[in-house]
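The values are calculated or read from the model by the stated rules, or taken from the named source; none is laboratory data. Being a predicted model, the structure only gives us computed values, none of them experimental. For neighbour counting, all protein chains shown are included, and Cβ atoms are generated from backbone atoms with ideal geometry for every residue, glycine included. These accessible areas exclude ligands, DNA and RNA; they are computed on the full protein's heavy atoms, side chains included. Shrake-Rupley method; radii C 1.70, N 1.55, O 1.52, S 1.80 Å.
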Amino acid sequence: MIAGACLVLSLAASTFLLHRIDQLRPQATLDEVLFLNSPKVIKRASLGYDGLMACIYWTRAVQYFGNRHHFAATSYKLLAPLLEITTQLDPHLLVAYEFGSSFLAPKPPFGAADPKSAIDLMNYGIQNNPDNWKLYYDLGFVYYTELKDYKGAAEAFARGSQVPNAHPFLKVIAAQMASHAGDYETARMLWRASYQNTQDKLIKQSAVDHLRSLRVDEDVEHLQAAVTRFGERNGRLPVSMAELVSAEGLPGTPVDPDGHPYKMAPEGRIEVRVPKDFPFVTKGLPPGYKPLPTFDSPQR
């Protein structure tokens with residue numbers, strides 16, 4: 001009876017606190033402000049129900065990110081503080097680390113472009129959950145994909161591989177990172193691992209999108225190299241894709257993962273015919289093309 005009454009009071013206190021925060025935040029200003037941004041103060045205000053308050057703040061973080069992401073925002077000033085409050089209230093809320101780093105690290109329109117805060121978040125998670133190998137994997141992922149810090153990524157994967165019951169692929173990735181950090185095969189290995197080690201449909205779809213885009217990037221790079229070889233041999237650029245295919249002895253016109261033939265611009269530049277179908281492609285984009293934001297794909 002007493003415990004039930006306390007829970008009701010705690011819920012009421014939590015609701016009151018969040019309502020007060022919303023009242024205090026200016027409604028018509030471009031500068032976002034997070035009031036009561038001290039985890040210690042909020043922890044005291046939770047009346048001992050830290051886990052409950054952590055869930056509330058985690059929900060707020062997801063809603064905040066989702067709303068900003070939906071409108072293709074480029075600023076996420078409240079995201080890192082909300083995640084810090086969430087994880088300090090409950091350092092064992094693993095979902096906040098996994099998705100939090102996916103929200104923080106990528107560049108807009110896919111995230112907050114704050115890989116440093118993502119790394120700080122993951123290190124805090126590892127500090128409090130040292131036997132969870134997935135946290136080391138997520139840390140290495142941020143180093144690799146966002147910072148191109150292959151040494152930091154290799155170290156994170158290697159540390160994770162030493163955790164009891166760690167997935168064996170961490171050792172393989174650590175070794176691959178040490179010798180072939182920036183190549184396509186390493187990137188494919190990481191995204192395949194992401195696909196295989198999550199049950200979340202959005203993360204799986206993101207992995208598929210990245211794998212498809214990697215295939216396109218590699219195709220375009222090889223075809224562009226073929227154009228260069230043709231020019232060196234003939235003193236001119238090929239006039240068509242058919243001429244390039246014939247000169248290279250290719251079995252047919254190269255196509256993207258959806259079966260669309262790659263095209264050749266007059267100046268010999270290889271382009272993707274439908275770039276919007278490959279949201280993470282970096283090569284073969286028409287001049288001036290800007291990718292359309294997608295609103296439902298976390299990065300990992």
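Annotations
- Counting only helices (runs of 4 or more DSSP H) that sit wholly inside the stretch 139-221, those with at least 2 residues that are under 14 Å from the mean Cα position of the chain (by Cα) and not acidic (Asp, Glu) are 184-196.
- Residue in the stretch 226-239 that is nearest to residue 186 (Cα to Cα), counting only those that are open to solvent by 40 Å² or more (accessible area, probe 1.4 Å) and either touching a helix residue (DSSP H, G or I) at 6+ places or on another chain (Cβ under 7 Å) or of a type outside the set (Lys, Arg) (or both): 228
- Residue selected from the stretch 39-76 under the condition within 20 Å of the chain's Cα centre (by Cα) and not in a helix (DSSP H, G or I), by the criterion modelled with the highest pLDDT: 76
Residues are listed down the side, and each one gets a yes or a no for (1) buried (at least 17 other Cβ atoms within 10 Å of the Cβ); (2) in contact with a Leu (Cβ under 8 Å, 6 or more places away or on another chain):
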| residue | (1), (2) |
| --- | --- |
| 103 | yes, yes |
| 107 | no, no |
| 146 | yes, no |
| 149 | yes, no |
| 161 | yes, yes |
| 169 | yes, no |
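- Pairing residues of the stretch 246-263 that are open to solvent by 60 Å² or more (accessible area, probe 1.4 Å) with residues that are assigned to a strand (DSSP E or B) and not basic (Lys, Arg), at Cβ distances under 9 Å and at least 6 apart in sequence or on separate chains, gives 253/261; 263/270; 263/271.
- Any hit, the stretch 88-101, residues being in a helix (DSSP H, G or I), touching a residue at least 60 places away in the same chain (Cβ under 8 Å) and open to solvent by less than 30 Å² (accessible area, probe 1.4 Å): yes
- In the stretch 120-133, the count of residues that are open to solvent by 50 Å² or more (accessible area, probe 1.4 Å), of a type in the set (D, E, K, R) and more than 18 Å from the chain's Cα centre (by Cα) is one or more.
- If the condition is being closer than 30 Å to residue 242 by Cα and free of Cβ contacts under 8 Å to residues at least 12 places away in the same chain, then the stretch 173-221 contributes 183, 185.
- Residue among 242, 175 that alone is loosely packed, with under 15 Cβ neighbours inside 10 Å, out of contact with any helix residue (DSSP H, G or I) (no Cβ under 7 Å at 6 or more places or on another chain) and at pLDDT 85 or above: 242
- All positions within the stretch 264-284 that are open to solvent by less than 50 Å² (accessible area, probe 1.4 Å), in a loop (DSSP other than H, G, I, E, B) and either farther than 15 Å from residue 225 by Cα or in contact with a strand residue (DSSP E or B) (Cβ under 9 Å, 6 or more places away or on another chain) (or both): 265, 272, 274, 278, 279, 280, 281, 284
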